[in-house]
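Written below as structure tokens is the structure these notes are about.
What follows draws every value from the coordinates through simple rules; no lab data is involved. For clarity, every value in this text was computed on a predicted model and none was experimentally measured.
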Amino acid sequence: MSMLAQEGIAGRVYQHVKQAIFDFQLLPGDRFSESDIATRVGVSRTPVRQALYALEQEGYLDVQPRSGWQVKPVDFDALEAFYDLRVVLESEAVRRLCQRTDAAIPAALQELVRFWIDSPALAEGSDVAPWDEAFHMTLVSAAGNPEMARVHREVTEKIRIVRRLDFTQAPRVAATYAEHSAILLAIIHRDVEEACDQLTAHIAQSQKEVRKITLHMLHQARQEKCR
């Protein structure tokens with residue numbers, strides 16, 4: 001088999017295992033072997049090993065000497081630290097956007113206005129999650145500091161596994177549109193205090209809901225496994 005073909009298979013295994021973690025089919029703390037995954041996906045162990053090491057690098061798995069692989073437990077203390085860092089980075093980005101010297105609204109913000117205010121298309125479930133990520137990442141990248149944007153991207157990846165759960169509840173989807181709109185309008189009006197207050201409240205509410213939903217889903221998933 002060619003190297004290119006193996007990489008393609010490894011990518012398929014990577015997506016399969018990552019989605020199983022996101023969907024709580026593989027629960028935090030679950031142990032499994034490379035053979036388990038190879039049998040489940042129907043491939044050899046070589047691309048499986050490659051995919052699992054990639055997921056370990058991203059912080060989803062731990063490799064245990066002589067006992068295989070383990071899904072990392074949800075570390076709520078670490079998640080809170082990442083959310084705190086989000087607030088710091090995004091608040092600074094919003095502050096810079098409000099204090100820009102040019103009169104024109106940056107093109108990136110105009111795109112956000114079109115999506116979240118001018119023609120909001122309420123979606124359900126996980127469809128909203130990537131758009132929410134894009135909103136916050138655009139705010140940071142539009143501030144013009146590439147290192148801030150890089151760190152923010154890393155934080156976004158770290159919290160993705162639980163953050164997406166915020167969009168499994170219809171009221172939270174509607175609230176996200178309203179909260180994003182309020183943040184954008186404050187930035188357009190260059191109201192630093194309002195923009196930062198709206199942003200901080202938005203992230204805090206999302207963090208609270210994510211923790212509650214995560215605990216609930218973990219409890220449900222464990223009960224299902226015990227039946």
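Determine the calculated [θ] at 222 nm for the chain from helices alone, applying -39500 (n - 2.57) to every DSSP H run no shorter than 4 residues and normalising by the residue count; nearest 500 deg cm²/dmol. Calculated at 222 nm, the ellipticity per residue is -23500 deg cm²/dmol.
Helix 45-57: angle to the longest alpha-carbon principal axis of the chain, degrees 0 to 90, nearest 10? Long axis of 45-57 versus the principal axis of the chain: about 40 degrees. Across every pair of non-identical alpha carbons in the stretch 24-150, the mean reciprocal distance, once inverted, gives a Kirkwood radius of 18.2 Å.
Helix 192-226 and the long axis of the chain differ in direction by around 20°, with both axes built from C-alpha atoms. Ignoring lysines fewer than eight residues from K18 along the same chain, the ones with Cα atoms less than 21 angstrom from its Cα are K72, K158, K225. Over all directions, the projected convex hull of the C-alpha atoms in the stretch 76-223 averages 8.5 nm² in area.
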